[in-house]
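Worksheet for the structure shown next.
The values are calculated or read from the model by the stated rules, or taken from the named source; none is laboratory data. Just so we're clear, the structure is a prediction, and the values are computed from it rather than from any experiment. Every residue, glycine as well, gets a Cβ built from its backbone with ideal geometry; the counts of neighbours run over all protein chains shown.
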Amino acid sequence: MMDENKFDLFAPFDQGKCTLCGECFSQCPVMHLPIDEAKKEMERLIAGKETKYVLQKCTSCFVCNFICPEHCNPTQLILDRWHEKYLQEGLPSRAEWFIPHYKPNFRTYVLDRLPEEEKEMLKAWDNLSPCEEMFYPGCNIITSPYLTRTSLLDGLEIRGSLDTCCSEMYYRMGLFDQVEQAAKRLDAYFRKLGVKKMVIPCTAGYNMFTNVLPRFGFKPDFEIQHLLVRLWERIEDGRIEIKNKLGMKVTIQDSCYGKIFGAEILDLPRKLLERIGVEVVEERYCRQNSLCCGIAGGFSPESGYSPTRIVSSTIRSLREAKATRAGAIVTYCAGCLQMLSTVHTFYPTGMPIYHILEMLQMAIGEKPARRQGQRGRSQLVGTLVNQSPKLISKKRFRVKQIAQEW
């Protein structure tokens, strides 16, 4: 497995370089197929045939791109096959609840039940007045706006709404037409704002804006900086003062996209936690071999956001965290925080779950709001209420076009 990203992880699958060695699916942390079966699965994928395992179980976490000794990018082949399957069959009706631009959805259900002060925060963020340096919250911070109430973000104007989704979920599902539509919409959005620098807390969004969306028509003419980089710089130069050493032992739920950037991103949460007196106990699957938090258990067309597949995928991540015997789980992705907290509602591990912003708040003398437990319960209830009538439905649909005007 490569230690650093030294090749184009988003280039098309290179069939000419593939030796059918089977390592991609044999070493996959999700499937662990016997080598002979892994070879057959790749043969089926290349031939455009139905598979027994890969198209059904893959979580599009990109690990196989790092495993592949020839750098063939098997993830892209899987996404292409998912795209073809979607065009042929559409998605099961239960998936409507998770489509970013559909309303109501699993996020709008949570937003409708936010405390009034958080609703006011979202109203303030949703405007098109000029803004040269902005904090782009992404869909997941938008469901947890309380995370931004900290001096750690001083100097940043926050702009965004669910309508400015980066389209990461579409990409991970192989819905490329929707990614292209979102890219054009976002291009118009940022031009209206006149942005010169964007700070982004979401590693998925960071990858979409820097690596994926430009391939679909998005043309950024501004600097894009990950929040972890900004926080580290400000701790290093003294603008953020550490007052408390926390003396905790934690494990980290790595973002699927952290591996895309190698040490540039993967090292930073670990360095930040070490700086505030926190010991990190690594999980069996971490860094460039990390498991998805669980949401990607719903990304394949066959799953179509099956609650069973999402929950089982999340429980596995929680079990891996618990096996470390650490005292808490720390995420640097608000989506991971959201997913783990939702399943933690009925599968408690005894380990509190923190966003890294909350850890840093405690280290600088602030008291984090810690509202994610309530958010998880709200998301769980909303999904159960919406999904239950559709679990046995055989209806399917195709995603409607994303509006381009504001």
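Kindly indicate which of R398, R325, R371 is out of contact with any Leu (no Cβ under 6 Å at 6 or more places or on another chain), basic (K, R) and closer than 21 Å to R113 by Cβ. Just one listed residue meets the conditions, R371.
Taken over region 361-397, the criterion of being in a loop (DSSP other than H, G, I, E, B), over 23 Å from the mean Cα position of the chain (by Cα) and not aliphatic (A, V, I, L, M) is satisfied by G365, E366, K367, S393, K394, K395.
Among the residues here, E366 qualifies as in the same structural domain as K249 (by TED's automatic domain parsing), surrounded by fewer than 19 Cβ atoms within 10 Å (Cβ to Cβ) and either modelled with pLDDT of 95 or more or in contact with a strand residue (DSSP E or B) (Cβ under 6 Å, 6 or more places away or on another chain) (or both). Cβ-Cβ contacts under 6 Å between residues 6 or more apart (or on different chains), taken from a first residue in region 245-256 that is assigned by TED's automatic domain parsing to the domain that holds V63 to a second residue that is at pLDDT below 95 and in a loop (DSSP other than H, G, I, E, B), are absent. The condition of being surrounded by fewer than 21 Cβ atoms within 10 Å (Cβ to Cβ) and under 20 Å from I402 (Cα atoms) holds for only one of K196, K245, K184, K249, that being K184. From the list I158, I141, the lone residue that is buried (at least 21 other Cβ atoms within 10 Å of the Cβ), on the phi < 0 side of the Ramachandran plot and β-branched (V, I, T) is I141.
In the condition set (1) modelled with pLDDT of 95 or more; (2) surrounded by fewer than 19 Cβ atoms within 10 Å (Cβ to Cβ), V399 is compliant with all but (2). Among the residues of region 21-33, those that are surrounded by 12 or more Cβ atoms within 10 Å (Cβ to Cβ) and assigned to a loop (DSSP other than H, G, I, E, B) comprise C21, G22, Q27, C28, P29, V30, M31, L33. Filtered by the rule that a residue be surrounded by fewer than 14 Cβ atoms within 10 Å (Cβ to Cβ) and of a type in the set (K, R), region 371-395 gives K394, K395. When D112, D126 are checked against the criterion of being in contact with a Ser or Thr (Cβ under 6 Å, 6 or more places away or on another chain) and either outside the structural domain of S303 (by TED's automatic domain parsing) or at pLDDT 95 or above (or both), D126 stands alone in meeting it. Of the residues S60, S151, S167, which single one is crowded, with 23+ Cβ neighbours inside 10 Å and touching a residue at least 40 places away in the same chain (Cβ under 8 Å)? After applying the criteria, what remains is S167. I'm checking my understanding of the structure. Among residues of region 294-325 that are touching a residue at least 60 places away in the same chain (Cβ under 8 Å) and touching a Phe, Trp or Tyr at 6+ places or on another chain (Cβ under 7 Å), which one is farthest from F62 (Cα to Cα)? Per the criteria, the residue is Y305.
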